Amino acid sequence: MNAAQPATIDCRAIVDLNANCRCLPIDSRTLAAPLDATYPTPHPTRETAALFAETGLFLTHPVVEAMVNQVRAIEFVLAHPAHHSRVAKRSAAAYALRQGDSRGVLNSYDFHLTTEGPRLIEINTNAGGAALVCAATAALAQQGCRPALAPEGGLEVLLSRVFEAEWSRAGRATALHTIALVDDRPTEQFLYLDMQMIAAALNRLGYDCRIVDPGDLQLTRQNLTFADGTRIDFVYNRLTDFALDALEHENLRRALAQDLAVVSPSPRHHALSADKRNLIHLSDHRWTRGLDLQADSLAALATLPQTTPVDDSRREHLWQTRKTLFFKPAQGFASRAVYRGDKLTRRVWRSFESSDYIAQALVPPTTRYLISRGEDHKFDLRLFTDGATPLLLGGRLWRGQTTNFRTAGGGLAAVLEAQPDACLATQSGD
């Protein structure tokens with residue numbers, strides 16, 4: 001059987017539009033002002049305005065559809081017994097922590113846009129930023145801009161939908177009341193405002209949602225509770241200890257193992273979806289052709305950047321071809337300890353010997369011009385999903401080697417639907 005041909009679309013016009021369009025300057029301070037007034041606890045080292053990019057991004061409907069098609073094909077594979085068999089062998093302890101058919105809340109698929117279509121970069125199970133993207137999207141919608149993908153009814157409708165669905169998938173038949181949004185030292189987290197906005201939206205919906213450090217959770221024989229003894233139904237887990245191995249997370253892991261509260265995302269969700277070693281066989285066309293996939297799904301999977309493990313049998317070849325590769329730790333997050341091959345030193349390369357790393361074919365990000373700064377920023381696209389169902393689309397703008405929130409003018413951005421030919425014609429006529 002011949003290898004599936006990648007599903008490509010001509011994105012030259014929309015890439016051009018983002019790179020050259022001088023419109024849509026955004027005063028991020030104006031966008032941040034109502035949030036600062038509503039949520040008065042600031043991040044200790046960063047102003048709220050720095051979370052938001054000083055412009056929006058443009059996509060066409062076919063680009064969004066191509067992203068969604070990739071997600072649907074991947075989700076089919078993630079549910080396949082062959083994939084589960086691999087994960088069960090590799091991550092047995094995490095895989096065993098099952099709660100019904102739960103699959104994680106607010107997952108995301110991150111993409112780079114190329115001239116031949118969007119290309120998946122990674123999958124996340126504790127993706128941050130959904131509330132902030134909703135705020136940026138709503139602000140532009142008030143100016144008449146059309147979001148490329150946004151939930152009707154806004155953040156509250158989105159959250160009600162995904163939390164109730166996950167509660168049901170976990171096998172619960174009673175009503176959901178109490179939700180603990182859990183992270184280490186939450187008030188110190190860079191995206192604490194995102195957590196505040198999610199908690200407030202859930203409370204407006206009638207749930208009792210509290211943001212807590214895992215050390216504040218109490219475990220009894222029958223319940224996981226807040227410090228005041230209130231029983232917790234659902235833990236929305238924002239921890240980056242994906243396996244819940246740390247001693248300070250023992251109560252949460254025990255509550256999950258004993259099914260005392262729904263924990264989502266969980267170690268099992270991360271192992272099945274977000275462990276970067278999954279990309280090795282997801283991008284292995286010979287392996288995916290052995291699954292019961294339709295031709296369009298195989299074509300969607302064929303767009304995934306080729307990914308290989310960094311092991312002894314490949315080390316010399318990977319070093320020699322490093323300039324075409326991107327290196328990531330299997331359990332990594334937030335661009336930590338990731339390296340572009342052309343920036344890789346011998347010292348760092350030697351450190352990979354004691355860690356699980358993957359090498360992914362380099363897919364350079366395209367750029368968006370910021371008229372407020374008079375310079376280009378790189379960008380990526382974050383598609384929030386509930387399983388294979390798309391929920392919300394946002395972007396992140398930055399300058400530098402890897403995605404970051406340290407760039408003046410960069411940050412989270414709304415993604416708008418555009419007709420690039422018309423927009424470019426307007427620009428050329430200015």
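Structure notes:
- Any hit, the range 265-286, residues being in a loop (DSSP other than H, G, I, E, B) and of a type in the set (A, V, I, L, M, F, W, C): no
- Restricted to the range 110-140, and to residues there that are over 20 Å from GLY410 (Cα atoms) and of a type outside the set (Val, Ile, Thr), the residue that is most open to solvent (accessible area, probe 1.4 Å) is GLU116.
- Here LYS323 clears all of (1) in a strand (DSSP E or B); (2) surrounded by fewer than 18 Cβ atoms within 10 Å (Cβ to Cβ); (3) basic (Lys, Arg) except the condition numbered (1).
- Residue check, LEU158 open to solvent by less than 70 Å² (accessible area, probe 1.4 Å) and modelled with pLDDT under 95: no
- Residue match in the range 237-259 (condition: closer than 10 Å to ILE179 by Cα and in a loop (DSSP other than H, G, I, E, B)): no
- Test: residue in the range 221-230 that is farther than 24 Å from PHE384 by Cβ, among the β-branched types (Val, Ile, Thr) and open to solvent by less than 50 Å² (accessible area, probe 1.4 Å): yes
- Flag for ARG373 being of a type in the set (Lys, Arg), in contact with a strand residue (DSSP E or B) (Cβ under 9 Å, 6 or more places away or on another chain) and farther than 16 Å from ALA66 by Cα: no
- Scanning the range 92-109 for residues that are closer than 21 Å to ILE358 by Cα, in contact (Cβ under 8 Å) with a residue 60 or more places away in the chain and surrounded by fewer than 20 Cβ atoms within 10 Å (Cβ to Cβ) returns a single hit, TYR95.
- Some residue of the range 46-53 being closer than 30 Å to ALA199 by Cα and assigned to a loop (DSSP other than H, G, I, E, B): yes
- Every residue from the range 372-385 that is part of a strand (DSSP E or B) and either open to solvent by 10 Å² or more (accessible area, probe 1.4 Å) or free of Cβ contacts under 8 Å to residues at least 24 places away in the same chain (or both): GLU375, ASP376, LYS378, ARG382
- For the range 345-371, a tally of residues being touching a residue at least 40 places away in the same chain (Cβ under 8 Å), touching a helix residue (DSSP H, G or I) at 6+ places or on another chain (Cβ under 9 Å) and either open to solvent by 80 Å² or more (accessible area, probe 1.4 Å) or part of a loop (DSSP other than H, G, I, E, B) (or both) returns 2.
The rows are residues; the columns are (1) open to solvent by 30 Å² or more (accessible area, probe 1.4 Å); (2) assigned to a loop (DSSP other than H, G, I, E, B); (3) of a type in the set (A, V, I, L, M); (4) over 24 Å from ALA7 (Cβ atoms).
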{"position": "ARG22", "(1), (2), (3), (4)": "yes, yes, no, yes"}
{"position": "PRO25", "(1), (2), (3), (4)": "yes, yes, no, yes"}
{"position": "ALA32", "(1), (2), (3), (4)": "no, no, yes, yes"}
{"position": "MET67", "(1), (2), (3), (4)": "no, no, yes, no"}
{"position": "PHE76", "(1), (2), (3), (4)": "yes, no, no, no"}
{"position": "ARG86", "(1), (2), (3), (4)": "yes, no, no, yes"}
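- Selection within the range 200-224 - within 19 Å of ASN126 (Cβ to Cβ) and part of a loop (DSSP other than H, G, I, E, B): ASP213, LEU217
- Among the residues here, GLY400 qualifies as surrounded by fewer than 16 Cβ atoms within 10 Å (Cβ to Cβ) and either among the acidic types (Asp, Glu) or more than 23 Å from ALA13 (Cα to Cα) (or both).
The values are calculated or read from the model by the stated rules, or taken from the named source; none is laboratory data. Just so you know, these numbers come straight off a predicted model, no measurement behind them. With ideal geometry, Cβ positions are generated from the backbone for all residues, glycine too; neighbour counts draw on all protein chains shown. We work out accessible area using only protein heavy atoms, side chains counted, and drop any ligands, DNA or RNA first. Shrake-Rupley method; radii C 1.70, N 1.55, O 1.52, S 1.80 Å.
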